[in-house]
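One structure is given below, encoded as C-alpha cells.
The values are calculated or read from the model by the stated rules, or taken from the named source; none is laboratory data. What you are looking at is a predicted structure, and each value in this text was computed from that prediction instead of being measured. All Cβ positions, even for glycine, are placed from backbone atoms using ideal geometry, and neighbour counts span all protein chains on display. Calculation scope for accessible area: heavy atoms of the full protein, side chains included, ligands and nucleic acids excluded. Shrake-Rupley method; radii C 1.70, N 1.55, O 1.52, S 1.80 Å.
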Amino acid sequence: MILSGAWEVCRKDWRLFLRDRTALLLSLALPIFLATIFAAAMGGFGGGGAARVHLLVEDLDQSARSQSLVRGLEANASLRVERALDTRRRIADGKAPAALVIPAGWGASVGSAQQQQLALYRDPGATIEQQILAGALLPALLGSGDEELTRGIVLHGMGELGFSFEQFPGMRSIFDSTWEAISKWADEHAAQDALPGAPQEDFDFASFVPRLVGMRVEDVAGGEDATQKSAMQSHAISGIAVMMLLFGLVAAGGTILEEHEQGTLQRLRLAPGGGSAILPGKFLFTATLGCAQLAILFVFGGLVFSVPVFRDPLPLVVLSLAVVAAATGLGLALAMLAQTRKQLEGFSTLVILVMSALGGSWFPLIATPAWYQKLGHFTLNAWAMDGYQAILWYGKGLGGIWLEVLVLLAIAAGTSAVAARAWKRRFLSTD
Amino acid sequence: MLPLGSTRGAPAIEVRGLVRLFGERRAVDGLDLELERGQSLGLLGPNGAGKTTTIRVLCTLCAPSAGSVRVLGLDPQREAAELRARIGVVPQELALYDPLHADENLEFHGRMHGLSGAHLERRVDWALELAGLRERRRDPVSTYSGGMKRRLNLVTALLHEPELVFMDEPTVGVDPQSRNHVFEMVERLHADGLTLVYTTHQLGEVERLCDRIAILDTGRAVAQGTLEELRRGQAHSAVQRYARVELDEGTRTRLEAAGITFRVEEELPDLEAVFLALTGRALRDEE
C-alpha cells in the first residue's frame, strides 16, 4: 500500500515536472549549457583552440639570435606571441599579461661577461598566465637551437642555484652544494616571509623560472598595492557584484509582472497619468536598489578585503551608475518579455548565469581563448568587469574607462527602449 | 458619435452599438446601454457574456471596435486621463499590497490620484471608517481576513471621490457579515448620490442594491430595466399556481357571508427565473 502510494506520488511529480518548462530548463538544460561554457573557456572545443597566454615580444635587438628566440617562442603551443612596441605601457594598461623585451645588443652579448639581460614585464594579477608563461619560457629558450645561448642559460641557472665549476670534479659535492643552494634559497624566502609585515607567499614558480634563466622581471601592473591576492579580490568582489546586481534587478523588474498577476497594475493604470508613471517608477526603484547593492558590496570589499575602492571614488561611481543603468534596462526588458513571473525566474537565471560565465564574472577573461573573450564582450558583464578591473587593479581614472562607460550606457539605452516598447504594447495598449 | 455637450449634465453612461472584437470573436456585439446619474446598474450575464469587456471599455482600458461610448459625457479613449480622475473601479482581484498597512495602501493610491496633505489624511480616515478598519489601520494587510481585504479593496477606489464607480463582484469569497457590511457601504454611497455599475453572479445582490438591471448574453443586452420591468417582461414564464376548488353553491354562499373570498393570483418570476429564461440553462464555460 505504501509502495504503491509512493509510486503514484512519484509519477504525479514527474508529470508536474515535465509540464513545468522552467524546472526542465533549470534542471536539465542549464547544467549542460554551463558545462559547455566552462569547458570551452578552459580548453576549447574538440581538444583544439585551448587558451594560450598572450605574450608581447619587443625585439630591440633584431639579431639572428633574437629572431631565433622569437621564433622559438612563437612555436610554443602555450603561447600566443604578438610582436609589439611600447610593451611596458601596454602591460601596465592590462592589454596582455606579460611582455618579453630583448634589449639591443643582447644577441652579441650572449656568453660574454657583460651579457645583456632579457626583461620580462608582467601583470601580477594574471596569476594563471604567469604560471603557464614560466613553464613555456625555459623550453622556448633552450629549444631555440643556439648552443651558446643554452650554455649561457645553464651557467646562469647554476649560478643562481649557487653552483660553481671550481668545485668540480666531485659529483657528490656538486649535488650537495646544489641541494644546499636550493635549501638556502628556500630558507631565505621562508625567513623573509616570517618577518612582521612581510607578504606571505608560497614558492613562486612564475618568478623563479624567469630569474633562473637570467631575465629581469618587473611587475608593472596593479598600482602600489599590487599583489596577486589583491588582483583576485578585486576581481571577485566586482564579479560577484555585477552578477548579483543582475539577479537583484531582474527580480525588481519582475515586480511589474507580480503587480499584473495581483491586479494592482490595473488599479495603477486607472490612476490619471498612472500608465505613464509606472515604468519610470519601476526603473527608478530598480536603479536605486542596484546602487545600494553595489555600494554595500564595494564598501564591504574595501573594509574587509582592502579592495582599493576608496582610492579614487569618482570613476568607480561613474562606472557603477552606468553598470546599474545597463542592468536595470536588461532587468526590465527581460521582465517585459516574460509572460509570467515564474517564466521570468527561469529565463533570467539562465541568461544571467550564462552572461556571468561568458562575461568574466567568475574567472578573468584574460585566461580564456581569444574567441571566448570576443564572445564575452557581447555581455554587459565583460564591459563592467573591464571597467572595474581598470579602476581597481590598473588604477585608471575616468579617462581610462570612457569606452566601457559608453558601451554600458548604450546597452542601457537599448534595453530600456526594448522594455518601454514591450511595456506599451503589452500593458498600455487598449487594442 | 454622440453630440458633445456639457459633461456635467450628460448621462453617466451612454453606449450605442458597441462592438468589441478579439480576432474573430465578438466579445461585445452591438450593445446599447444607458444609465442616468445617481442610478445604480446591475450588470448580469453568464460567463463570456461580455460583462468584463464592457466594463473595460467603459473605464478606458479597452478600445471599442465599433459603436459610440460616452461615460460622464467623456470619450473613454480620447479623454481617458480626465475620465480616470472621475471614475473609480473596484476590481474583482484584491488589488492591494499585502506587506503594507491599510494606511499605506490608501495613502499610496490617494497620491497616485493626486491627493496630498490634510485632504489625503481626511480621505484615508473616511475610507477606513467606512470600511470598519480604523482599529487595524496600522496592521499589514496580509494579516487581514478575506472580508477585511474586500472592504479595503472597495474603499481604495473611493478615495478620490469619483462620480461613477464600477464594482466587479465585490463580495466574492466573504462571510455573510462582511458581505452585509459591503452592502451597507454600497447602499450608503448610493444614497449619497454615487452612480454605480455593479457586476455579480449573485442575483440577490442586484435585487437589493440596483435600480436598474441589464442582462447580457453573447455580447448583447437581452433585457434592460428595473427589476419589476424585467419580471413583468418575463411574466409568460411565471410559475402560475391554481387552486382547484369545487364548491357547491350553498357552501360558497356561506363562506362568502363569512368574509372568505376566492381569486386566482399570478406569481411573477423572480430574477433568477428571468435570468435563466433569457440566457438559457446550458452551461457557459468561459473560453
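Quick check on this structure: which one of B:LEU115, B:LEU120 is more than 26 Å from the chain's Cα centre (by Cα) and within 13 Å of another protein chain (Cβ to nearest Cβ)? Before you say what the answer is, go through the steps one by one.
On the way: B:LEU120 fails: within 13 Å of another protein chain (Cβ to nearest Cβ).
Answer to the selection: B:LEU115.
Restricting attention to the range B:47-66, does a residue exist that is buried (at least 17 other Cβ atoms within 10 Å of the Cβ) and more than 27 Å from A:SER429 (Cβ to Cβ)? Step through it out loud before you land on a result.
Of all residues in the range B:47-66, those buried (at least 17 other Cβ atoms within 10 Å of the Cβ) come to B:48-62, B:64.
Then drop every residue that is not more than 27 Å from A:SER429 (Cβ to Cβ), which leaves none.
No.
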TODO: Answer yes or no: is there a residue in the range A:229-250 that is among the aliphatic types (A, V, I, L, M), over 18 Å from the mean Cα position of the chain (by Cα) and either more than 14 Å from every other protein chain (Cβ to nearest Cβ) or on the phi < 0 side of the Ramachandran plot (or both).
DONE: yes
Open item on the list: Step by step: first the residues of the range A:270-281, then only those that are more than 7 Å from chain B (Cβ to nearest Cβ) and buried (at least 18 other Cβ atoms within 10 Å of the Cβ), then the one that is farthest from B:GLN77 (Cα to Cα). Which residue is that?
Closed with: A:LEU279
Open item on the list: Can you pull out every residue in the range B:92-129 that is open to solvent by less than 10 Å² (accessible area, probe 1.4 Å) and within 23 Å of B:ASN180 (Cα to Cα)?
Closed with: B:ALA95, B:LEU96, B:ALA102, B:LEU106, B:VAL124, B:ALA127, B:LEU128
Task: Residue count for the range B:253-282, restricted to those that are modelled with pLDDT of 70 or more, exposed (fewer than 10 other Cβ atoms within 10 Å of the Cβ) and either part of a loop (DSSP other than H, G, I, E, B) or among the β-branched types (Val, Ile, Thr) (or both) - done: 5
Task: Test for B:ASP139: is it open to solvent by 10 Å² or more (accessible area, probe 1.4 Å) and within 14 Å of chain A (Cβ to nearest Cβ) - done: no
Task: Given (1) away from chain A (no Cβ under 14 Å); (2) closer than 20 Å to A:LEU268 by Cβ, index of the condition B:GLN177 fails - done: (2)
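Conditions (1) open to solvent by 20 Å² or more (accessible area, probe 1.4 Å); (2) of a type in the set (D, E, K, R); (3) touching a helix residue (DSSP H, G or I) at 6+ places or on another chain (Cβ under 9 Å), marked per residue:
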position	(1), (2), (3)
B:MET148	yes, no, yes
B:ARG151	yes, yes, yes
B:HIS190	yes, no, yes
B:GLU205	no, yes, yes
Open item on the list: So, in the range B:18-46, how many residues would count as being over 25 Å from B:GLU229 (Cβ atoms), in contact (Cβ under 8 Å) with a residue 40 or more places away in the chain and open to solvent by 10 Å² or more (accessible area, probe 1.4 Å)?
Closed with: 5
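Conditions (1) touching a strand residue (DSSP E or B) at 6+ places or on another chain (Cβ under 7 Å); (2) part of a helix (DSSP H, G or I); (3) modelled with pLDDT of 90 or more, marked per residue:
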position: B:ARG179; (1), (2), (3): no, yes, no
position: B:ILE213; (1), (2), (3): yes, no, yes
position: B:ALA223; (1), (2), (3): yes, no, no
position: B:LEU230; (1), (2), (3): yes, yes, no
position: B:ARG241; (1), (2), (3): no, no, no
position: B:LEU247; (1), (2), (3): no, no, no
position: B:THR251; (1), (2), (3): no, yes, no
Task: Residue tally, condition more than 21 Å from the chain's Cα centre (by Cα) and more than 11 Å from chain A (Cβ to nearest Cβ), over the range B:60-70 - done: 3
Open item on the list: Any residue at all in the range A:371-384 that's outside the structural domain of A:SER78 (by TED's automatic domain parsing), open to solvent by less than 40 Å² (accessible area, probe 1.4 Å) and over 30 Å from A:ILE32 (Cα atoms)?
Closed with: no
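Do we have B:GLY73 as more than 15 Å from the chain's Cα centre (by Cα), away from chain A (no Cβ under 11 Å) and modelled with pLDDT under 90 here? If you could, list the steps in order and put the result at the bottom.
Values: more than 15 Å from the chain's Cα centre (by Cα): yes; away from chain A (no Cβ under 11 Å): yes; modelled with pLDDT under 90: no.
Taking the combined requirement at face value, the residue does not satisfy it.
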Task: Among the candidates A:VAL317, A:VAL323, residue that is under 16 Å from A:LEU245 (Cβ atoms), without any contact (Cβ under 8 Å) to a residue 24 or more places away in the chain and out of contact with any Cys (no Cβ under 6 Å at 6 or more places or on another chain) - done: A:VAL317
Open item on the list: So in the range B:76-110, with the set limited to residues that are touching a Leu at 6+ places or on another chain (Cβ under 7 Å) and aliphatic (A, V, I, L, M), which one is farthest from the other protein chains (Cβ to nearest Cβ)?
Closed with: B:ALA102
Task: Index of the failed condition, A:GLY376 passing every other in (1) farther than 21 Å from A:ILE240 by Cβ; (2) among the small types (Gly, Ala, Ser); (3) away from every other protein chain (no Cβ under 14 Å) - done: (1)
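Output the residue which, of all residues in the range A:220-239 that are at pLDDT 75 or above and closer than 9 Å to A:GLY125 by Cβ, is surrounded by the most Cβ atoms within 10 Å (Cβ to Cβ). Spell out the reasoning first.
Filtering the range A:220-239 for residues at pLDDT 75 or above gives A:220, A:232-239.
Filter once more, so that each one left must be closer than 9 Å to A:GLY125 by Cβ: A:232, A:234-235.
Details: A:MET232: 15, A:SER234: 25, A:HIS235: 22.
The extreme case among them is A:SER234.
Any residue at all in the range A:306-323 that is assigned to a helix (DSSP H, G or I) and either at pLDDT below 90 or touching a Ser or Thr at 6+ places or on another chain (Cβ under 8 Å) (or both)? Steps first, answer last, please.
At the first step, the residues of the range A:306-323 found to be assigned to a helix (DSSP H, G or I) are A:313-323.
Applying the additional criterion that residues be either at pLDDT below 90 or touching a Ser or Thr at 6+ places or on another chain (Cβ under 8 Å) (or both) yields none.
No, because not a single residue in the range A:306-323 is assigned to a helix (DSSP H, G or I) and either at pLDDT below 90 or touching a Ser or Thr at 6+ places or on another chain (Cβ under 8 Å) (or both).
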- [ ] Go through the range A:256-268 and give me each residue that's of a type outside the set (Ser, Thr, Tyr), at the interface with chain B (Cβ under 7 Å from one of its Cβ atoms) and assigned to a helix (DSSP H, G or I).
- [x] A:GLN262, A:GLN266, A:ARG267, A:LEU268
- [ ] Under 9 Å between Cβ atoms, at least 6 apart or on separate chains: pull out the pairs that start in the range A:411-431 with a residue that is more than 14 Å from every other protein chain (Cβ to nearest Cβ) and end on any residue that is among the aromatic types (Phe, Trp, Tyr).
- [x] A:ILE411/A:TRP383; A:SER416/A:PHE283; A:ALA419/A:PHE283
Task: Residue ID - farthest from the other protein chains (Cβ to nearest Cβ), chosen from residues in the range B:146-160 that are part of a loop (DSSP other than H, G, I, E, B) and more than 18 Å from the chain's Cα centre (by Cα) - done: B:LEU159
